[in-house]
Amino acid sequence: MPDLPEGAEGYIQDENEGPMGGGKPFKRIQGKIYIMDGDEYVTEDDPKGDTKIDKNGNLLGGRRFKAQTFVLPNRHPERKYMLAIDAARTSGFRDSLYYFRRNPLALKLNATQWEKEHLIEQGKLGSHLKTRSVTLVTARSAFKLHGAKMLVDGRWVVDDYYEDKALEEITAKGLKPGDLVGELQDPTNAASEVAQLTAGTSGAGGQGGKSDRSGAGLGMYRAGGPTTIFGGSGWGPYSDGPLNAVRKSYLTREGVNEENWMYVAAERTVEATSDWARLRRENLRLAGGIYGDLEGEQEAARAEKRGASEAPHGESSGKRRVQESDLPLGVYEPQTGLVFYRSDTQPTRARWEALPDDGEKRRVLGGTKVGSGAWGLAWVDTVVELPQEEEDPWAKARARYKDLLDAPS
């Protein structure tokens, strides 16, 4: 049984050798014993990888994490940490749950109440998470797991901790060392998408059915961001930023993917065009169409006008007056599509007046007499009462002296 190296750094012990941790906590992962030291699992070091990040998680060579890092003085005065959700999203996972499930060598650290308050004061954590569970990981352990994926403008192999392992993985995908990583796809969704394309559920060319292509209310273009979805705006197709996974889940729910995004954009454009054309046609109708379809009548009137051009002047004027008499006696306002009438032709007041029953038993058409199924009928009559002319109180007095005034002197 081999001796434990000093500090147990880079030590991985076979299961057959027994749980020998040198007095430090350990855990068996995939048949091997990994010792916990410095808030992370002790894994193999790589000489090339150590030139890209130091022991405290500080990147070297001008490299920068997509996620923000911070120091927790109660844990270590110099060691860098990051939020697990940030580490997950910058590595291509939609949340920390799948991140820890797919990366068992990432040691999950639960932030204490003091640490959460400290991060809120430093502006590293939202105040709404003060009473919620927050998980952390060390920056070095996260970089050792995903390397170039977590860096701004990361490049395959060049920015990976384990270069040999990364080279083997990208070679199988047809990539080359030094290529930009670009936007990442959630590996938890990759298998389901491949299965859908294989089974043909996405239709020819992966365009999907109509319900998958055109979800309700999908916004193809958003203000304040790039105007492309899967184009080359500099940002990825599923993100408005390096840490924003909301747009990806939004598009995924609507059935938009790399295969059908152009079709969906074109379909949305056609729908918008038809809606605008319909609105324009409605605006051309008299008073928004409240007087019915008068296009046929107007066409007939124009035909009569053309035929009346050869008729005598008086006959033509008579026809014009008859045609104009059918139009509403108001002013049509084309901007709003409303017809305005004179105020002296409008009602000035209204009232409801309940009349007593006439004593006759009225028939019930359906439903029950009582209970939730009961319903009744109401008879409503609309009666227009014209205003009466007010009687002049001095009219009789004037009439009495009218004869005297009219008599010759």
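Observations on the model:
- Some residue of region 164-172 being under 30 Å from the mean Cα position of the chain (by Cα), among the hydroxyl-bearing types (Ser, Thr, Tyr) and surrounded by 12 or more Cβ atoms within 10 Å (Cβ to Cβ): no
- Residues of region 132-177 satisfying the condition of being polar (S, T, N, Q) and touching a residue at least 12 places away in the same chain (Cβ under 8 Å): 133, 135, 138, 141
- Some residue of region 33-54 being free of Cβ contacts under 8 Å to residues at least 60 places away in the same chain and of a type in the set (Phe, Trp, Tyr): no
- Tally of residues being of a type in the set (A, V, I, L, M, F, W, C) and in a loop (DSSP other than H, G, I, E, B) across region 88-142: 7
- If you go through region 69-87 and keep only what is outside any helix (DSSP H, G or I) and open to solvent by less than 60 Å² (accessible area, probe 1.4 Å), you end up with 69, 70, 71, 72, 76, 79, 80, 81, 82, 83.
- Flag for residue 213 being within 24 Å of residue 250 (Cβ to Cβ), at pLDDT below 85 and either surrounded by 16 or more Cβ atoms within 10 Å (Cβ to Cβ) or among the hydroxyl-bearing types (Ser, Thr, Tyr) (or both): yes
- For region 92-133, the tally of residues that are surrounded by 14 or more Cβ atoms within 10 Å (Cβ to Cβ), within 25 Å of the chain's Cα centre (by Cα) and more than 30 Å from residue 28 (Cβ to Cβ) stands at 2.
- The set of residues in region 38-68 that are surrounded by 15 or more Cβ atoms within 10 Å (Cβ to Cβ), among the charged types (D, E, K, R) and either under 21 Å from residue 86 (Cβ atoms) or touching a helix residue (DSSP H, G or I) at 6+ places or on another chain (Cβ under 6 Å) (or both) comprises 39, 40, 52, 63, 66.
- If the condition is being charged (D, E, K, R) and free of Cβ contacts under 8 Å to residues at least 24 places away in the same chain, then region 55-90 contributes only 78.
- Subset of region 73-118 [aliphatic (A, V, I, L, M) and under 14 Å from residue 134 (Cα atoms)]: 82, 83, 84, 85, 87, 88, 97, 107, 109, 111
The values are calculated or read from the model by the stated rules, or taken from the named source; none is laboratory data. Just so it is clear, the structure is predicted and the values come from calculations on it, not from any experiment. Reconstructed Cβ throughout: ideal geometry from the backbone, glycine too, with neighbour counts over all protein chains shown. Ligands, DNA and RNA are stripped out before the accessible areas are found, and what is left, the full protein with its side chains, is counted by its heavy atoms. Shrake-Rupley method; radii C 1.70, N 1.55, O 1.52, S 1.80 Å.
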